[in-house]
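Shown next, in structure tokens, is the structure this report addresses.
The values are calculated or read from the model by the stated rules, or taken from the named source; none is laboratory data. If you're wondering where the values come from, they're calculated on a predicted model, not measured in any experiment. As a convention, Cβ positions derive from the backbone with ideal geometry for all residues, glycine included, and neighbour counts pool all protein chains shown.
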Amino acid sequence: MSRERATALLVDFDGVLRRWDPAVAAGVEREYGLTEGVLGEIAMSWGLLQPVLTGKVSHGQWMDSVVDALTPSVGDPARARAAVDEWQRYRGEIDLDVLAFIREVRAAGIRVGLGTNATDVLDADLVALGLTDELDVVVNSSVIGVNKPAKEYFEAACAALETPPARVLFTDDEARAVAGARVAGLSAHRWTGPADLRYLRAALAF
């Protein structure tokens, strides 16, 4: 049996709409004599990451924990703080191909939501990146208290989009999130790059 045609689009933020240049973190790590990749390794360790993604701690508290974990390898808390602060000043960049597609989708009357595991600085990032008027809804894990790939996350996203799961098309660069969306009844596509826009356009059939 064929699926119903999607009438709403849910797009992941980091890795799809927002890109991160790895050279930025690498430059900070070189400047402060850190092992390459250590900033992301510490920050993305699940014990530190999960609480901030579900709103149990703030972005600032999360970064404090990164500073604490980094201090032994730097030998100086102030230097560890300076490294983390410099790293955090970079807030990524928008994939203009994806943004153009989102505008095209919305112009066709299809609702578009941002579906992201994010912290309490997301709204400020959206302002800084000029995205505040580019989306119909924003579904932030730290606001709703549950993160992808949980079924409850996608239920909340569909409710925000005012669209039943069977009518929502989701795209994310992480396989676990795509699998979670499918469990929740959404159509879902694993994002590999702007070449995937052709598939998404066809799936939305506008």
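Here are some notes:
- Glu134 more than 23 Å from Lys56 (Cα to Cα) and part of a loop (DSSP other than H, G, I, E, B): yes
- Scope the range 66-98; condition small (Gly, Ala, Ser), modelled with pLDDT of 95 or more and farther than 30 Å from Leu10 by Cβ; matching residues: Ala69, Ala78, Ala80, Ala82, Ala83
- Qualifying residue in the range 29-40 (condition: loosely packed, with under 14 Cβ neighbours inside 10 Å and within 26 Å of Asn140 (Cβ to Cβ)): no
- Taken together, Ala100, Ala83, Ala118, Ala124 contain a single residue that is within 24 Å of Lys56 (Cβ to Cβ), part of a helix (DSSP H, G or I), out of contact with any Leu (no Cβ under 6 Å at 6 or more places or on another chain) and of a type in the set (Gly, Ala, Ser), which is Ala124.
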